[in-house]
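K.L.:
The structure that follows is given in the form of structure tokens.
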Amino acid sequence: MTLNKFTFQKREKLKSKRVFEQLFVEGKSIKAFPVKLLYTQVSFDDGERIKVGVVAPKKKFKSAVKRNRIKRLLREAYRQNKQEAFNKIEGNFAFLFLYLGNKMPEYDEVNRAIQQLLSAFIKKECHEKID
RNA sequence: CCAGCAGGCCAUCUUAUCGCUGUAAUUCUGAGCAAUUGGGAUUAAAGAGGAAAGUCCGGACACCAUAGUGCAGCAUAGCGGGUAACACCCGUCCGUUGAAAGACGAGGACCAGUGCAACAGAAAGCAAGUACAGUUAGGCUGUAGUGAAAUCAGGUAAACUCUAUGCGGUGAAACGUCAUGUAAACCAAUGUUUGAGGGCUGCACGCCCAAAUUGGAGGGUAGGCGGUUGGAGCCUUAGAGCAAUUUAAGGCCUAGAUAAAUGAUAAGGCUAGACAGAAUCCGGCUUAUGGCCUGCUUUUUUU
RNA sequence: GGCCACGUAGCUCAGCUGAAUAGAGCACUGGAUUUCGGCUCCAGCGGUCGUAGGUUUGAAUCCUACCGUGGUCA
């Protein structure tokens, strides 16, 4: 597996409808305005360790163009930052990044939020393992 | 010059680095006797719109009987043409509107029938009949007055209706197919009579199905693959036609996702650019919206 | 992606078929009753009938186009 590249391929996308439902029902969450991270422990059939989904709510953003834009920014920010987190995380997880804000974001804003979320996630999960 | 009107074109661009999607080629590797097929790497060319939107019309395509008949229902409406088809487009007459260029028009019929008409007015229709004038009178004629409309073949059909023409229904979540796997149900063959019932518009007709046996193989749920992109396609030239459009020749291949692909950073051009994201595909209509170009029109001022 | 409903007072609705008064309940304001409050009674306030055009003498109602809200399909 090629962990050291800044890639985000189709295989890493969260697809299964069932996993999405599972995330909303029993997933744990971390907030860092304007983004919220939902995650849960899941094992995948195809050998990927981590799969990621991205959501921009239709109720807040009616224009499909704006929703697309937000999702692209979230994906791009994750792609830039995933390398660091990937080496530290052990186990299989499904991630879901939700955008909570009401205004169109800038890339810097999203990037900062994603960095915070990933480091917070690592702290939390490492603690749980040590305990 | 300003304002207005009509038509056409473009949809921020360029370079570098990282990244996404399917396709093609090369190559590595897993499964299989094989045909074949799963996964990865590199390279190449390509990768949202004029409205992709609203879902308002018309088709293609798929299934339901081969899509049949009558009624009901719905749609359209000067005339002529175009088209696969249309409620669209073109030409033209008439009407409305504008100072003009132009724009807009659900523009058949109330001498088939039925209904409706507040207030005002004698009266809005099985009827009744004001005032004045003309005339000897009856009666008739004219004028006044109310109103959108007044014995006139009255007004009203975006009132029912009539006339002409067209329309079967349901929609890619249609539909076909594969794997996992127990009974009712599904398919094929044999086969039966009456009624109920069922089959994808409401009713009637018509058509098909139905009990049992044998064989095959399916339903629910979540998914894979096909449908799925080469088409009433686009460009150029020539001919026919006032035009919409059409004929011929040559050239081109131009998105195919499925929690859903176009982004980030840096630099520059006048700037950081409007409305906005394909989801089966086409032809229109409507609505949202930045800029450029061409032609036309009148008013005022000057000559 | 397809299909289908609904927008009327601050809130919940009627009126729409078939055209001529925009109304009911709750809420709000004032008054009466009561020592005060509540209940009850009386009066009032409150409306571009979602928006814009059209048909008509006249439109909440009929027609068309937009805007908004909600539902439904495997």
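The values are calculated or read from the model by the stated rules, or taken from the named source; none is laboratory data. Please read these numbers as outputs of a predicted model, since none were measured by experiment. When we count neighbours, we look across all protein chains shown, and the Cβ atoms used for this are built from the backbone with ideal geometry, even at glycine.
K.L.:
Restricting the search to the range A:47-56, which residues are of a type outside the set (D, E, K, R), more than 7 Å from RNA strand B (Cβ to nearest atom) and part of a strand (DSSP E or B)? Let's see the steps before the verdict.
P.N.:
Initially, the range A:47-56 is screened for residues of a type outside the set (D, E, K, R), giving A:47, A:50, A:52-56.
When the remaining residues are screened for being more than 7 Å from RNA strand B (Cβ to nearest atom), the result is A:47, A:50, A:52, A:56.
Those that are of a type outside the set (D, E, K, R), more than 7 Å from RNA strand B (Cβ to nearest atom) and part of a strand (DSSP E or B): A:Ile50, A:Val52.
K.L.:
Please work out if A:Gly101 is more than 10 Å from RNA strand B (Cβ to nearest atom), at pLDDT below 85 and farther than 18 Å from A:Gln116 by Cα.
P.N.:
Numbers: more than 10 Å from RNA strand B (Cβ to nearest atom): yes; at pLDDT below 85: yes; farther than 18 Å from A:Gln116 by Cα: no.
Considered against the rule, which asks whether it is more than 10 Å from RNA strand B (Cβ to nearest atom), at pLDDT below 85 and farther than 18 Å from A:Gln116 by Cα, A:Gly101 comes out as no.
K.L.:
Cβ-Cβ under 8 Å, sequence separation 6+ or interchain: first residue in the range A:10-39 and of a type outside the set (Asp, Glu), partner outside any strand (DSSP E or B) and within 16 Å of RNA strand C (Cβ to nearest atom). Which pairs?
P.N.:
As it stands, the answer is A:Leu14/A:Phe20; A:Leu38/A:Phe24, since those pairs meet every condition given.
K.L.:
Of all residues in the range A:9-31, count the ones that are more than 12 Å from the chain's Cα centre (by Cα), at pLDDT 75 or above and not in a helix (DSSP H, G or I).
P.N.:
3
K.L.:
If you don't mind, another one. Identify all residues within the range A:27-45 that are surrounded by fewer than 16 Cβ atoms within 10 Å (Cβ to Cβ) and either within 8 Å of RNA strand B (Cβ to nearest atom) or of a type in the set (Gly, Ala, Ser) (or both); write none if there are none.
P.N.:
First pass over the range A:27-45, keeping only residues surrounded by fewer than 16 Cβ atoms within 10 Å (Cβ to Cβ): A:28-29, A:31, A:33, A:41, A:43, A:45.
Selection gives A:Ser29, A:Ser43.
K.L.:
Which one is surrounded by the most Cβ atoms within 10 Å (Cβ to Cβ) among residues in the range A:58-80 that are among the polar types (S, T, N, Q) and within 6 Å of RNA strand B (Cβ to nearest atom)?
P.N.:
Residue satisfying both the conditions and the ranking: A:Asn68.
K.L.:
Just for the range A:85-120: of the residues that are among the hydrophobic types (A, V, I, L, M, F, W, C) and surrounded by fewer than 16 Cβ atoms within 10 Å (Cβ to Cβ), which one is farthest from A:Arg49 (Cα to Cα)?
P.N.:
Filtering the range A:85-120 down to residues among the hydrophobic types (A, V, I, L, M, F, W, C) leaves A:85-86, A:89, A:93-98, A:100, A:104, A:110, A:113-114, A:117-118, A:120.
Now narrow it down to the ones that are surrounded by fewer than 16 Cβ atoms within 10 Å (Cβ to Cβ): A:86, A:100, A:104, A:120.
Details: A:Phe86: 9, A:Leu100: 26, A:Met104: 31, A:Ala120: 19 Å.
Ranking the qualifying residues of the range A:85-120, first place goes to A:Met104.
K.L.:
Still on this structure, I have one more. Condition (residue is away from RNA strand C (no atom under 16 Å from the Cβ), more than 21 Å from A:Phe6 (Cβ to Cβ) and touching a residue at least 24 places away in the same chain (Cβ under 8 Å)) applied to the range A:75-89: is it met by at least one residue?
P.N.:
Start the filter on the range A:75-89 by keeping residues that are away from RNA strand C (no atom under 16 Å from the Cβ), which leaves A:75-89.
Still in the list and also more than 21 Å from A:Phe6 (Cβ to Cβ): none.
Checked the range A:75-89: no residue is away from RNA strand C (no atom under 16 Å from the Cβ), more than 21 Å from A:Phe6 (Cβ to Cβ) and touching a residue at least 24 places away in the same chain (Cβ under 8 Å).
K.L.:
Further question on the same structure: Taking the range A:57-74, which residues are part of a helix (DSSP H, G or I), within 16 Å of A:Asn102 (Cβ to Cβ) and within 14 Å of RNA strand C (Cβ to nearest atom)?
P.N.:
A:Lys66, A:Arg67
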